[in-house]
Amino acid sequence: MNQQHYPFSLKPLTYAYDALEPFIGQSTLHFHHDKHLQTYVDNLNKTLAPYPQLHNKTLEELLCNPDDIPADIRTAVQNNGGGVYNHQLYFASMHKSNSVENHPKGEIAAKIAECFGFYDVFKTKWKEAALGQFGSGYAWLVYDNAKLEILKTPNQNIPPIHCKKPLLLIDVWEHAYYLDYQNRRNAYIDSFFSVINWDKVEERFQFYTHQ
Ligand code: MN
């Protein structure tokens, strides 16, 4: 889906830094995107620099084929490459919302209804996963074998994306919410529902179901 390779670069946000207020503040976005994500990009490039045989591999190829990565940099590629992959998906999963009522539409809405029943049931299960991720990590909505699934991953791990196709994720590292919500991950997750870019989720869903 994403063909970029070494040297990786920081993709700018597609919305203004204050676009997600009052749900996610502009300071959070500045630190999260410009500092945290930039650091993952820089460290990934630094790690890959001495290994020209890896320079034409996409992020997905690097992350899905750990056996092709020399053992001494495997963990660094997984951590920093996962950090780049997860954050790019995360920032692209949000947009400016004018309303607290921000619901899925289209084919993904129908699939959520089929797999979870009411949207509120999905929200409850998603929130349980995001709250239940002990320490840092992510909760995900993925598409696998004609079904939707919610799962969670620790640290910068990614789901097994060769089968579980990522549609939506929430970053529950403290840096994603501490400036706005301090320790209240609960309140951050509630706010996240207001800024989910369901058009983007629909686009990802159609990409995987129509190919
Ligand atoms: Mn993060």
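Of the residues that sit in the range 172-199 and are of a type in the set (D, E, K, R) and within 16 Å of the ligand (Cβ to nearest atom), which one is farthest from T28 (Cα to Cα)?
Only one residue fits best here, namely R185.
Whether any residue in the range 90-108 is crowded, with 16+ Cβ neighbours inside 10 Å, away from the ligand (no atom under 16 Å from the Cβ) and in a helix (DSSP H, G or I) is what I want to check.
Yes, some residue in the range 90-108 is crowded, with 16+ Cβ neighbours inside 10 Å, away from the ligand (no atom under 16 Å from the Cβ) and in a helix (DSSP H, G or I).
For the range 70-84, does any single residue satisfy the condition of being more than 16 Å from the ligand (Cβ to nearest atom), in a loop (DSSP other than H, G, I, E, B) and not charged (D, E, K, R)?
yes
In the set I196, I112, I150, I158, which member is among the β-branched types (V, I, T) and in contact with a Ser or Thr (Cβ under 8 Å, 6 or more places away or on another chain)?
Exactly one of I196, I112, I150, I158 is among the β-branched types (V, I, T) and in contact with a Ser or Thr (Cβ under 8 Å, 6 or more places away or on another chain), namely I196.
Could you please tell me which pairs satisfy a Cβ distance under 6 Å, a separation of 6+ or placement on different chains, a first residue in the range 22-38 that is closer than 13 Å to F192 by Cβ and of a type in the set (S, T, N, Q), and a second residue that is more than 10 Å from the ligand (Cβ to nearest atom) and at pLDDT 95 or above?
Pairs found: T28/L179; T28/D180.
Can you list residue pairs whose Cβ atoms sit under 8 Å apart, with the first residue in the range 110-121 being at negative phi and the second being among the aliphatic types (A, V, I, L, M)? Count only pairs 6 or more apart in sequence or on different chains.
Hits for this filter: K111/L148; I112/L148; C115/L148; F116/L148; Y119/A109; Y119/I112; Y119/A113.
When the residues of the range 1-37 are filtered to those that are loosely packed, with under 14 Cβ neighbours inside 10 Å and under 30 Å from Y51 (Cβ atoms), which remaining residue is modelled with the lowest pLDDT?
M1
Kindly indicate whether L141 is under 14 Å from the mean Cα position of the chain (by Cα) and in the same structural domain as Y178 (by TED's automatic domain parsing).
yes
Going by the conditions given, is Y40 within 16 Å of the ligand (Cβ to nearest atom), in contact with a Gly (Cβ under 7 Å, 6 or more places away or on another chain) and not β-branched (V, I, T)?
On the way: within 16 Å of the ligand (Cβ to nearest atom): yes; in contact with a Gly (Cβ under 7 Å, 6 or more places away or on another chain): yes; not β-branched (V, I, T): yes.
Yes, satisfied.
Scan the range 129-147 and tell me whether some residue there is more than 16 Å from the ligand (Cβ to nearest atom), under 20 Å from N79 (Cα atoms) and touching a helix residue (DSSP H, G or I) at 6+ places or on another chain (Cβ under 8 Å).
In the first step, residues of the range 129-147 are kept if they are more than 16 Å from the ligand (Cβ to nearest atom); the result is 129, 131-132, 134, 141-147.
Then drop every residue that is not under 20 Å from N79 (Cα atoms), which leaves 134.
Still in the running and touching a helix residue (DSSP H, G or I) at 6+ places or on another chain (Cβ under 8 Å): none.
Scanning the range 129-147 turns up no residue that is more than 16 Å from the ligand (Cβ to nearest atom), under 20 Å from N79 (Cα atoms) and touching a helix residue (DSSP H, G or I) at 6+ places or on another chain (Cβ under 8 Å).
The values are calculated or read from the model by the stated rules, or taken from the named source; none is laboratory data. Remember, it's a predicted structure, so these values are computed and weren't measured experimentally. Here Cβ is always computed from backbone atoms with ideal geometry, including for glycine, and neighbour counts include all displayed protein chains.
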